[in-house]
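Following: one structure in structure tokens, then a few remarks.
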């Protein structure tokens, strides 16, 4: 019996020290893991934020380039007829969009929806304007029709998308 008491005197404190050590070490390791995870998130954030800003810049540039007023002036070449001009306008919008597809990784789904809608509405506007001019019309006639239709639109989807992107970027930078 005396041997059991002696063993208990040694074992109980040893077990208590082991259990306490286990919890202290576990707490320290958990805290260290959280610090490392936080540091990793900061590093990722530091590397992604410039990419996000760059993506927003590129998307705004894309939207500027497909705005009908800018697009008509940039794509028009002397001697084009309306059909060739329409085809070039639509082709340019689609190419610009394809060139910027990867930027969707850095913007919200809502923002990307506005961007896609801008592209589709710009193409739709070009096609509607083209249907309202005679087949033998010049590119200038088509340009004038595009500007007439634009004058009737309160706010073009390109402008709506740019406004949304600006709001979203402000939130990202906070």
*What's the angle, to the nearest 10 degrees (0 to 90), between helix 109-131's Cα axis and the longest principal axis of the chain?*
10 degrees
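For 149, 3, which order do you get if you count the other beta carbons within 10 Å of each Cβ and list the fewest first? Kindly include the intermediate steps, with their values, before the conclusion.
Details: 149 16, 3 7.
Final ranking by Cβ density, sparse to dense: 3, 149.
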*For helix 157-173, report the angle its Cα long axis makes with the longest principal axis of the Cα atoms of the chain; keep it between 0 and 90° and round to the nearest 10°.*
20 degrees
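Once the piece of chain linking residue 138 and residue 166 is laid out straight, how much longer is it, given 0.36 nm per residue of separation minus the C-alpha distance between them?
Taking residue 138 through residue 166 to full extension adds about 6.4 nm, to one decimal.
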*Nearest 10 degrees, 0 to 90: what angle lies between the long axis of helix 2-66 and the longest principal axis of the chain (Cα atoms)?*
10 degrees
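Hey, what did region 49-173 get for relative contact order, percent, Cα under 8 Å, at least 6 apart?
Values: 119 pairs, mean separation 46.7, N = 125.
Dividing the mean separation by the residue count of region 49-173 yields 37 percent.
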*With springs only between Cα atoms under 10 Å apart, run a GNM on the chain and tell me which of 73, 89, 125 wobbles the most.*
73
*For the pair residue 69 and residue 8, how long in nm is the line joining their label points, each one 7 Å along Cα→Cβ?*
9.2 nm
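On full extension of the chain, what length is gained from residue 109 through residue 57, given 0.36 nm per residue of separation minus the C-alpha to C-alpha distance?
Numbers: separation 52, 0.36 × 52 = 18.72 nm, distance 1.69 nm.
Contour length minus the Cα-Cα distance gives 17.0 nm.
Using 0.36 nm times the number of residues separating residue 46 and residue 18, minus their current alpha carbon distance, what extension gain do you get? Walk me through the intermediate numbers first.
Numbers: separation 28, 0.36 × 28 = 10.08 nm, distance 4.15 nm.
Contour length minus the Cα-Cα distance gives 5.9 nm.
Would you list 97, 23, 85 from fewest to most Cβ contacts within 10 Å? Numbers along the way, then the final one.
Numbers: 97 19, 23 10, 85 25.
By the 10 Å Cβ count, ascending, the order reads 23, 97, 85.
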*Highest-fluctuation residue, 27, 67, 156 considered, GNM on the chain with Cα pairs under 10 Å*: 27
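Every number in this text was worked out from the coordinates using simple rules, so none of it is lab data. Note that the coordinates shown come from a computational prediction; the quantities given were computed from them, not determined experimentally. Every residue, glycine among them, receives a Cβ derived from its backbone with ideal geometry; neighbour counts consider all protein chains shown.
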